[in-house]
Amino acid sequence: MIRFQTICAGALVAWLAALPARGLHAQTQVPEANASGQAERKGSEPGKPHKASHLRLVDVTLNQAPVGEWTLLDHEGELYATPEILQQWRISLPAGAASIEFRDASWWPLFALPGYRARFDFSTQALQLEFAPEAFTTTQMKTNAAKPLALSIVSPSVFVNYDLAHTVSRGTGVTTPHSTGVLTEIGLATGMGTLISSQVGRNLGSTDPNLPSEWRRLETTWTKDFHGQNMTLRLGDTSTRASLWGRNMFFGGVQLGTNFGLTPGFLSQPLPTLAGSASSPGTLELYVNNALRQISNVPAGPFTVENFTQITGAGEARVVVRDLLGRETVIVSPFFTSSQLLEQGLRDWSVNVGKERFNLGTLSADYRDAFASGLYRQGLTKTLTLEGRAEWSKPLQTAGVGINTQLPFQALGQAALATSRDASDLRGSKLLLGLDHQDLNNGVNLRLVKASRDYRELGFSPTERAYKEEQAVNLRHTFDDKASVGLSLARLLSHDQGLSKVITTSYAMRVAERGTLIFSGTRVSGNQSGYTVGVSLLLPLDKQRVVTASLSKTRQGWEGYTAATEPIGNETGVGWRVLGGHRVSEDYAEGGVYYQSGRGFLGADLATSGQTHTLRLNAQGAAVFMDGRFFTARRLQNSFALVHVPGYPNVGVGFQGETLTHTDKDGFAMLPRLSAYQTNTIRLNANDLPMSAELDSIEATAVPAWRSGVAVKFPVRSGQGALVKVVTPDGSPVPAGTRVELVGDGKEFFVARRGEVFLTGLQQRNTIALKWEGYDCKAQVDLPGAVDAEIIRLGPVTCRETTP
């Protein structure tokens with residue numbers, strides 16, 4: 001025994017002698033990096049491992065964060081790792097360092113990494129590693145690119161929106177005139193697109209001979225969205241898109257172009273990128289203009305923040321990085337972005353072919369010269385967007401270019417140049433220069449437009465001319481969210497009518513807790529001159545009520561009014577308004593009451609002024625034919641859904657936390673106001689469902705196309721619910737936990753205490769099968785003819801053994 005202990009002691013001494021000198025201590029500090037950021041390497045030549053090289057399985061803590069157990073190479077007292085390990089640690093391969101080969105693998109020295117420090121505890125085989133932030137790969141915090149959602153199947157539907165107004169006026173000694181006006185919109189929605197046609201009727205049934213009745217068509221357009229490609233095709237009446245130097249124009253024809261709104265969350269503008277680094281894992285807080293926007297976890301190393309929510313203008317972003325020990329690192333960076341800029345490489349375009357349209361709303365079909373036009377915009381860089389636009393018709397051709405660019409002082413610079421030529425070969429030109437800076441407290445907008453006498457654009461009337469010069473200056477400043485001041489100057493110089501100027505100034509200040517007091521003044525000079533000075537008070541109250549008061553002075557005299565309003569709350573209900581005031585030489589008063597339900601809107605307004613009294617009645621709503629049924633609903637200005645809850649009438653249906661309508665006697669409800677191409681979560685009011693109702697979920701989602709309908713059916717298990725007591729032939733209750741099956745339904749239930757089981761989906765006559773401990777039996781359960789109680793109690797029913 002003594003000889004064996006002596007042999008073991010000798011072996012232990014020999015093993016300790018073979019260890020490197022630094023390994024003799026229970027805890028060892030590996031040499032730190034030298035002045036250049038890398039530790040000096042000792043030992044054999046590069047690429048040749050020392051004969052004492054061996055692998056170590058160690059528990060690693062990396063920059064104060066545990067990363068688990070890893071196998072590292074111990075070579076001449078220095079630690080090495082494979083590229084796969086470094087990749088898992090998010091560490092880049094050390095530049096300029098040489099690897100060594102060991103057991104058919106390449107090993108890279110950790111001491112060659114910036115900021116290398118190591119502490120190894122032999123007793124626990126724990127290794128604490130620290131590296132400088134630049135040793136790690138960059139972490140990019142950005143939002144994944146928005147992708148189009150899978151659309152719900154469009155249910156073919158026909159709908160009619162109506163806005164009906166009837167007006168009755170009465171004056172002393174004057175015949176009482178009355179008239180009716182109506183605005184209608186007829187829509188056909190299918191999987192191939194949506195056809196919309198709108199009309200207006202004026203003075204229908206009018207008793208005033210000076211106001212003849214008329215009916216006019218407004219627009220008729222078929223729209224097809226290609227949401228996977230962010231493109232929209234329109235056939236019929238529509239308008240061209242405006243550019244820097246050109247306005248939009250109504251026309252009838254064909255339009256094809258990009259439509260980024262088809263992909264929810266798609267950001268067409270470039271967003272700022274913030275960069276920083278963290279010495280250890282921690283939390284990151286992002287503040288934009290002193291408002292907390294997001295909180296994220298960040299690992300050690302450099303990082304970039306690119307997942308800003310959509311913002312515009314200039315401001316200051318502040319990133320606060322807090323490590324595990326509570327130490328903070330603050331990074332402050334100014335930023336600028338604008339919706340007028342496109343993301344680098346992004347293209348935005350539109351092509352139009354058709355005929356110019358004039359007198360929309362006055363004439364049903366005043367189409368004139370055939371034309372073609374196109375607009376193309378592209379983000380060359382994150383700070384530079386170019387655009388070009390061309391228009392062609394036989395009597396007029398126009399072309400121009402424009403530029404939007406970020407300027408060094410957090411401002412957007414704009415410039416455009418256009419030229420035109422008409423049928424008489426008269427040529428004109430137009431120049432635009434603009435500057436815009438908007439931040440949290442300040443705003444500056446400058447704009448200068450010059451055009452020659454012969455400059456023309458499509459959509460100009462034969463006698464219309466562009467202004468010779470337009471100048472606009474808009475300034476604002478906010479004082480710590482308590483007050484703001486604004487100044488606007490506009491100068492318009494025409495070729496024939498001289499110069500006009502408008503100066504407007506305002507000062508707004510907070511009063512009380514939520515009120516706002518506004519002082520304003522306007523001065524107009526030129527062909528027409530005048531002034532207005534005034535003061536207004538806006539005072540919000542509880543229940544969304546608002547009180548307003550205004551007093552102003554013009555050349556004609558003093559005017560003023562006081563008003564109070566309460567809007568319709570929670571989408572449905574009653575709202576009202578009252579107003580009383582004085583203008584010129586008479587007093588006047590107005591009042592109105594409004595009601596909105598899931599089926600429409602009703603309103604009544606009464607106005608009295610001097611000897612004249614006017615009553616206006618208004619009704620708005622929609623009629624829909626869908627899925628073989630007719631429905632009435634509120635105006636369908638967006639997409640909509642036909643919700644079906646079979647067998648459950650008067651169940652509240654809505655979304656976004658609001659109940660908008662209720663199911664009818666057949667369990668159907670027409671739900672308006674769905675957002676196209678977005679996920680809409682439709683929810684039933686659980687309080688309106690009986691306890692026996694069986695639904696997989698009271699929520700369903702729909703992604704409708706633009707102004708189209710989708711069918712949403714909530715799977716409901718039909719039948720009645722009842723609490724049934726089941727006994728054996730000797731009168732004893734069946735054991736708790738017994739499995740019960742409703743024959744012909746497949747639904748399983750379990751017996752509770754006293755032999756009671758709650759069954760759902762019961763019809764007038766039912767058979768249930770029970771099974772426990774090898775015993776099989778069946779029982780007949782019949783429902784009574786009429787029961788007022790919501791939960792029926794039945795039994796006891798006898799379960800008789802079945803023969804195999």
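The values are calculated or read from the model by the stated rules, or taken from the named source; none is laboratory data. Here the structure is a predicted model, which means the values were calculated and not measured. Cβ atoms come from the backbone with ideal geometry, glycine included; neighbour counts cover every protein chain shown.
Kindly indicate whether any position in region 610-632 is hydroxyl-bearing (Ser, Thr, Tyr), surrounded by 16 or more Cβ atoms within 10 Å (Cβ to Cβ) and over 30 Å from Thr190 (Cβ atoms). Show your work before the answer.
Step one: filter region 610-632 for residues hydroxyl-bearing (Ser, Thr, Tyr), giving 612, 614, 632.
Keeping just the survivors that are surrounded by 16 or more Cβ atoms within 10 Å (Cβ to Cβ) gives 614.
Still in the running and over 30 Å from Thr190 (Cβ atoms): 614.
There is at least one residue in region 610-632 that is hydroxyl-bearing (Ser, Thr, Tyr), surrounded by 16 or more Cβ atoms within 10 Å (Cβ to Cβ) and over 30 Å from Thr190 (Cβ atoms).
How about region 237-354: which strands (runs of 3 or more DSSP E) wholly inside it have at least 2 residues that are at pLDDT 90 or above and farther than 30 Å from Ala415 by Cα? Quick ask: steps written out before the conclusion?
On the way: elements: 250-258, 274-278, 282-288, 291-298, 301-305, 313-323, 328-337.
In region 237-354, 250-258 are the strands (runs of 3 or more DSSP E) which contain 2 or more residues that are at pLDDT 90 or above and farther than 30 Å from Ala415 by Cα.
Within region 707-730, identify whether any single residue is under 20 Å from Gly795 (Cα atoms), at pLDDT below 95 and loosely packed, with under 12 Cβ neighbours inside 10 Å, and answer yes or no.
Yes: region 707-730 contains one or more residues that are under 20 Å from Gly795 (Cα atoms), at pLDDT below 95 and loosely packed, with under 12 Cβ neighbours inside 10 Å.
Give just the number: which of (1) among the small types (Gly, Ala, Ser); (2) outside any strand (DSSP E or B); (3) modelled with pLDDT of 90 or more does Ala98 not satisfy?
(3)
Output the residues belonging to region 605-638 that are among the hydrophobic types (A, V, I, L, M, F, W, C) and either in contact with a Phe, Trp or Tyr (Cβ under 8 Å, 6 or more places away or on another chain) or under 30 Å from Gly667 (Cβ atoms) (or both).
Of everything in region 605-638, those that are among the hydrophobic types (A, V, I, L, M, F, W, C) and either in contact with a Phe, Trp or Tyr (Cβ under 8 Å, 6 or more places away or on another chain) or under 30 Å from Gly667 (Cβ atoms) (or both) turn out to be Ala607, Ala619, Ala622, Ala623, Val624, Phe625, Met626, Phe630, Phe631, Ala633, Leu636.
Here's the yes/no breakdown for (1) hydrophobic (A, V, I, L, M, F, W, C); (2) assigned by TED's automatic domain parsing to the domain that holds Asp664; (3) touching a Gly at 6+ places or on another chain (Cβ under 9 Å); (4) under 22 Å from Arg634 (Cβ atoms):
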{"site": "Arg514", "(1), (2), (3), (4)": "no, no, no, no"}
{"site": "Leu551", "(1), (2), (3), (4)": "yes, no, yes, no"}
{"site": "Arg555", "(1), (2), (3), (4)": "no, no, yes, no"}
{"site": "Gly560", "(1), (2), (3), (4)": "no, no, yes, no"}
{"site": "Glu571", "(1), (2), (3), (4)": "no, yes, yes, yes"}
{"site": "Tyr588", "(1), (2), (3), (4)": "no, yes, yes, no"}
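Of all residues in region 596-627, which are assigned to a loop (DSSP other than H, G, I, E, B) and either at pLDDT below 90 or touching a Gly at 6+ places or on another chain (Cβ under 7 Å) (or both)? Can you show your working first?
Step one: filter region 596-627 for residues assigned to a loop (DSSP other than H, G, I, E, B), giving 598-599, 610-611, 627.
Gly598, Arg599, Gly610, Gln611, listed by residue number.
So, in region 136-184, how many residues would count as being among the hydrophobic types (A, V, I, L, M, F, W, C), modelled with pLDDT under 90 and within 25 Å of Ile295 (Cα to Cα)?
Residues flagged as among the hydrophobic types (A, V, I, L, M, F, W, C), modelled with pLDDT under 90 and within 25 Å of Ile295 (Cα to Cα) within region 136-184 amount to 3.
When you look at Met691, is it part of a strand (DSSP E or B) and not assigned by TED's automatic domain parsing to the domain that holds Ile792, yes or no? Give the derivation first.
On the way: part of a strand (DSSP E or B): no; not assigned by TED's automatic domain parsing to the domain that holds Ile792: yes.
No.
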